[in-house]
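Here's the structure we're looking at; comments come further down.
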Amino acid sequence: MIIDTHVHVWEIDPPRYPIGPTAPNWTSLPDEPGTADELLAEMDAHGVDRSVLVQTSWSTWDNGYIADSVER
């Protein structure tokens, strides 16, 4: 079994998944999302069985996208 122990996923949708007010030095988001669907496709392509999702630093207090992604 292959487990990736540190991956980030994010969606660029500030109204639904806001940037945390205490995010250090973040003035903008990445240009492209890194979605859970993309992660799952990459895992399948490379034989990774499980992964551990780690919160992005700009989401500080909001883990909504991580919680939504775990359901997959």
> Counting just the residues of the range 54-72 that are surrounded by fewer than 16 Cβ atoms within 10 Å (Cβ to Cβ) and of a type in the set (Asp, Glu), which one comes out nearest to residue 13 (Cα to Cα)?
Replying inline: 68
> Any idea how many residues of the range 1-60 are of a type outside the set (A, V, I, L, M), modelled with pLDDT of 85 or more, more than 15 Å from residue 72 (Cα to Cα) and over 10 Å from the mean Cα position of the chain (by Cα)?
Replying inline: 10
> Somewhere in the range 3-15, is a residue part of a loop (DSSP other than H, G, I, E, B) and of a type in the set (S, T, N, Q)?
Replying inline: no
>> Among (1) in contact (Cβ under 8 Å) with a residue 24 or more places away in the chain; (2) part of a helix (DSSP H, G or I); (3) not β-branched (Val, Ile, Thr), there is one condition residue 41 misses while meeting the rest; what is its number?
In response: (1)
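The values are calculated or read from the model by the stated rules, or taken from the named source; none is laboratory data. Just so it is clear, the model here is predicted, and its values are computed rather than measured. Using ideal geometry, Cβ is built from the backbone for each residue, glycine included, and neighbour counts are taken over all protein chains shown.
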